[in-house]
Amino acid sequence: MNVGEVAALAGVTVRALHHYDRIGLLSPSGRTAAGYRSYSPTDLDRLHQVLLYRELGFPLEEIVTLLDDPSADPAEHLRRQHRLLRERLERTSAMVAAVEKEMEAHQMGIPLTPEERFEVFGENDPSQYEAEVEERWGETEAWAQSQRKTAAYAKEDWVRIKAEADDVLHRFAAAQSAGVPADSEQAMDVAEEHRQHISRWFYDCPPQMHAGLGRMYVEDERFTATYEQVSPGLAQYVSTAVQANAARQG
């Protein structure tokens, strides 16, 4: 199979397959007369293993080791990932329960009270920064778009937004804890989800705007403190991942 056929079959991009080839993770067994990559059934079996480990959150460098080093202990890697997945499952279960509770409350016509805002956001209620945000960005289309979108959100919307943001944040922290480089494909993929989250719920956030936000995470001590509460060094990690993803997007 050629690279396009493999990409379509496996649900990955051609760019990803080229990258796997460059780093020695998945090199096709053959080449056509014209020099194009040609994948065998054995190559597809290896790709299946690669994607399995990727789904579990392993960085590409560790996957190379697991598949190529006969002395590697995949059980130890899996035990660590099992712990991380269990923690993520617990957080997700709690998020689902919270969203279901708030959906029920919304159906009963319960508005978002100040107490409920604290319940959803805790000490990080974004309303405390509204005046500053308007002063700095009130003339921009992004601010206007955010105002239009958020004005229509009910409590369950904010619960869902917070749950999504927390999930992205904890996946950043898990990647950092696992030693995944901040400019790796895995970290950049999480950064892209972060960018899409902003665009979906607040305002259109093109890559270069997102890169600017990434710089602010280390330049504004309030943003830095929020990330550092989760994990030391996380603010710089997220900033690097966001800017690397912006460069990848072009």
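The values are calculated or read from the model by the stated rules, or taken from the named source; none is laboratory data. Since we're looking at a predicted model, the values are computed, not measured. A quick note on method: Cβ atoms are made from the backbone with ideal geometry, for glycine too, and the neighbour counts reach across all protein chains shown. SASA here: full protein model, heavy atoms, side chains in, ligands and nucleic acids out. Shrake-Rupley method; radii C 1.70, N 1.55, O 1.52, S 1.80 Å.
Looking only at region 170-185, residues that are open to solvent by less than 30 Å² (accessible area, probe 1.4 Å) and not β-branched (Val, Ile, Thr) come to 6 in all. The test for being of a type in the set (Lys, Arg) and either crowded, with 18+ Cβ neighbours inside 10 Å or within 21 Å of GLU90 (Cα to Cα) (or both) does not hold for ARG148.
Checked against the criterion of being open to solvent by 50 Å² or more (accessible area, probe 1.4 Å) and over 25 Å from the mean Cα position of the chain (by Cα), the candidates ARG31, ARG15 yield just one match: ARG31. Please work out which residue is nearest to the chain's Cα centre (by Cα), limiting yourself to region 34-47 and to residues that are under 20 Å from LEU66 (Cβ atoms) and loosely packed, with under 11 Cβ neighbours inside 10 Å. Among those residues, the one meeting the criterion is ASP45.
Just to be sure before I move on: is ARG215 surrounded by fewer than 18 Cβ atoms within 10 Å (Cβ to Cβ) and either of a type in the set (Lys, Arg) or touching a strand residue (DSSP E or B) at 6+ places or on another chain (Cβ under 9 Å) (or both) in the structure I sent? Spelling it out, ARG215 is indeed surrounded by fewer than 18 Cβ atoms within 10 Å (Cβ to Cβ) and either of a type in the set (Lys, Arg) or touching a strand residue (DSSP E or B) at 6+ places or on another chain (Cβ under 9 Å) (or both).
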